[in-house]
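See below for the structure under consideration.
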């Protein structure tokens, strides 16, 4: 998937130019999964957990563009449930199926206490993931044990893996179908570079699905 956002990223931050090619492959992989009825699952720890939530937020509603529902979809919803107000239908936006694996404190603590804290993401992936989905796994070092465990399980389940990490990619990189490695090692610096990378990823997906008329999909 070509996108002006990848070109702009390289122009704006030349140090991230090497990320453009894997970003194209990552966005292509994610788009194909979603178009086929799959979803994107996202995970990470600490600052990367915030990044995972950030990605889910950007893709769940309008990011660069507002994403209005089509007139046909609004009419269909209104006919199915007359209680839906025109104001609500006007404000609703189409989104993409993205699930953050950070959302359940109860499940997190249960897994950590009852089984193994390293499986907090893997357990959710097994419950929520399906063959054809994509896992977007974030780790500044590439060696976060719970993220690596989720990536390994994903491969076993027929779920593709996109890894976002720092130089080298660690063990996570060895499990990834696509690895996006920013040119840094220190965690804070890696995280600083991750933000513009996944912003470009989100913007490119939004642009792609907008071109497909995703607002008319129901």
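Give me the percent of Cα-Cα pairs in the range 1-88 that sit more than 16 Å apart, rounded to a whole number. When all Cα pairs of the range 1-88 are counted, 72 percent exceed 16 Å. Return the percentage of antiparallel bridges among DSSP beta bridges fully within the chain, rounded to the nearest 5 %. Of those bridges, close to 5 percent are antiparallel.
Within the range 64-128, all pairs of alpha-carbon atoms sorted by distance into 10 Å bins from zero give the percentages 18, 29, 16, 25, 12. For the chain, the ratio of Cα radius of gyration to the globular rule of thumb 2.2 N^0.38 Å stands at 1.05.
With everything on Cα atoms, drop me the angle between helix 105-114 and the longest principal axis of the chain, reported from 0 to 90° to the nearest 10. The answer is roughly 40 degrees. If you run the Gaussian network model on the chain, springs between alpha carbon atoms under 10 Å, then out of 81, 19, 43 the most flexible one is 81.
With the helix formula -39500 (n - 2.57) applied to DSSP H stretches of n ≥ 4, the chain reaches a computed 222 nm mean residue ellipticity of -16500 deg cm²/dmol.
Compute a Gaussian network model of the chain, connecting alpha carbons closer than 10 Å, and tell me which residue from 77, 172, 29 fluctuates the most. Maximum among the listed residues: 77. Peptides 108-118, 191-201, 140-150, 177-187, ordered by how many other C-beta atoms sit within 10 Å of their residues on average, highest first, read 140-150, 191-201, 177-187, 108-118. Mean silhouette area of the range 91-218, derived from the convex hull of its C-alpha atoms and averaged over all directions, reads 9.4 nm².
No lab work stands behind these numbers, since they all come straight from the coordinates. Here the structure is a predicted model, which is why all the values come from computation and not from measurement. Note that we place each Cβ from the backbone using ideal geometry, even for glycine, and neighbour counts take in every protein chain shown.
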